[in-house]
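Chemist: Starting off with a structure, shown below.
Where a number appears in this text, it was derived from the coordinates with a stated rule and is not lab data. Just so it is clear, the model here is predicted, and its values are computed rather than measured. Cβ placement follows ideal geometry from the backbone for every residue including glycine, while neighbour counts extend to all protein chains displayed.
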Amino acid sequence: MPPSSPDLLDPKNDYVFKRLFGEAPELLVALINDLRPDLPAIDTVEILNPGINAEELRGKYIILDVLARDAQGHGYNIEIQVRRYGAWNQRGLYYLARMLGQQLGQGEDYGTLRAAVGIHLLDFDLFTDTPAQRDQALWRFEMRDARQPSITLGNLLQLNLIELKKADRLKPNAGPLAGWVTFFEHWREEQTMATIEHAPIQEALSRVRQLSADDEARRLAFVRERALHDEVSLLKEAREEGLEEAKRATALAMLQDGLLEEDVIARYTGLTLEAVRALRQDLPPVH
């Protein structure tokens with residue numbers, strides 16, 4: 001087991017992530033360039049939403065993202081996500097399309113549109129249905145023809161995904177991108193991090209150390225982590241309530257049929273015998 005720094009805050013906590021990159025434009029430029037090495041590099045960005053308010057920290061269904069614009073006017077939405085939502089794809093596309101649509105005022109020329117670029121770091125496996133999907137961790141989605149993918153409508157809408165855990169398992173080619181994967185997955189392992197020479201990653205690690213030494217930053221990171229745990233609990237409770245309601249509806253239908261004994265219905269639905277007997281009281285009287 002390599003030596004570790006257990007007191008360091010987690011850069012995958014989206015409060016910590018936003019503090020790291022939303023307050024350091026140069027570091028954000030390096031992250032954007034390193035995560036899209038096959039696209040033209042950018043030189044500068046303007047951070048459009050550097051602040052974090054209390055409502056966002058406690059917002060259970062909010063993801064703290066970083067919005068930026070480069071010198072050419074292209075917009076960027078950079079965020080990290082540690083949980084997979086049921087409508088994950090739809091959410092990502094919605095915010096990307098909204099970013100594109102909000103560029104134009106009334107009467108402005110469509111030719112002035114600039115790219116809306118999403119860069120999402122996912123701390124879960126998203127695509128796992130086939131061996132080919134399980135062997136790929138870096139994705140870029142654009143508007144392309146299904147039959148001739150070389151024919152595009154440009155990259156005005158562009159969604160880049162990095163599945164961090166999968167990328168860490170696959171060990172992509174050495175370089176800045178692999179270094180960032182190591183940073184997000186192994187930031188507490190001192191020996192591992194010491195082998196990374198890429199200066200922006202070491203700068204990010206230094207900023208994590210600074211935040212970790214700040215009592216107020218630690219408190220706010222905990223507030224954010226607690227809100228996200230509450231969200232998971234609420235979603236779990238909602239799923240369990242839905243399952244329990246389905247069990248009761250099935251048991252009621254069986255009771256109405258009158259073909260099965262109460263103990264058989266209990267075994268079939270997973271309800272207790274007492275719960276099945278209580279449901280019988282809800283049945284309309286037989287005339």
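Chemist: Counting only helical runs of four or more DSSP H residues, what would the 222 nm mean residue ellipticity of the chain come to if each run contributes -39,500 (n - 2.57) and the total is spread over all its residues? Working shown, then result.
Modeler: Numbers: 12 runs with 139 residues, N = 287.
Mean residue ellipticity, 222 nm, calculated: -15000 deg cm²/dmol.
Chemist: Rank-order 73-82, 37-46 by packing density, defined as the average count of other C-beta atoms within 10 Å over each peptide's residues, highest first.
Modeler: Top to bottom by mean Cβ count within 10 Å: 73-82, 37-46.
Chemist: If we count other beta carbons within 10 Å of each Cβ, what is the order of SER206, SER150, fewest first? Write down the numbers at each step before the final one.
Modeler: Details: SER206 10, SER150 6.
If I rank by nearby Cβ atoms, fewest first, I get SER150, SER206.
Chemist: With labels modelled as points extended 7 Å from the Cα through the Cβ direction, what inter-label distance (nm, one decimal) is found for LEU113 paired with THR192?
Modeler: It works out to 4.1 nm between the two label points.
Chemist: Given the chain, what whole percent of its Cα pairs are spread farther than 36 Å? Please report the intermediate quantities before stating the final value.
Modeler: Numbers: 13457 of 41041 pairs.
Above the 36 Å cut-off, the chain has 33 percent of its Cα pairs.
Chemist: Sticking with this one: Check which residues have an amide H placed less than 5 Å from LEU157's amide H, if you skip close sequence neighbours.
Modeler: Long-range HN contacts for LEU157: ALA116, MET143.
Chemist: Enumerate the calculated ³J(HN,Hα) couplings along segment 116-131 in order (Karplus 6.51 cos²θ - 1.76 cosθ + 1.60, θ = phi - 60°), each rounded to whole Hz, writing x wherever the residue is Gly or Pro.
Modeler: Per residue, the Karplus-derived 3J(HN,Hα) values read 10, 10, x, 10, 10, 9, 10, 8, 7, 7, 9, 10, 9, 6, 10, x Hz.
Chemist: Just for the chain, what percent of DSSP beta bridges are antiparallel, to the closest 5?
Modeler: Working: 13 of 27 bridges.
Roughly 50 percent of the beta bridges in the chain run antiparallel, per DSSP.
Chemist: State, to one decimal in nm, how far the label point of GLU26 lies from the label point of THR250, with both points 7 Å from Cα in the Cβ direction.
Modeler: Each label point is offset 7 Å from its Cα along the Cβ direction, giving 6.1 nm.
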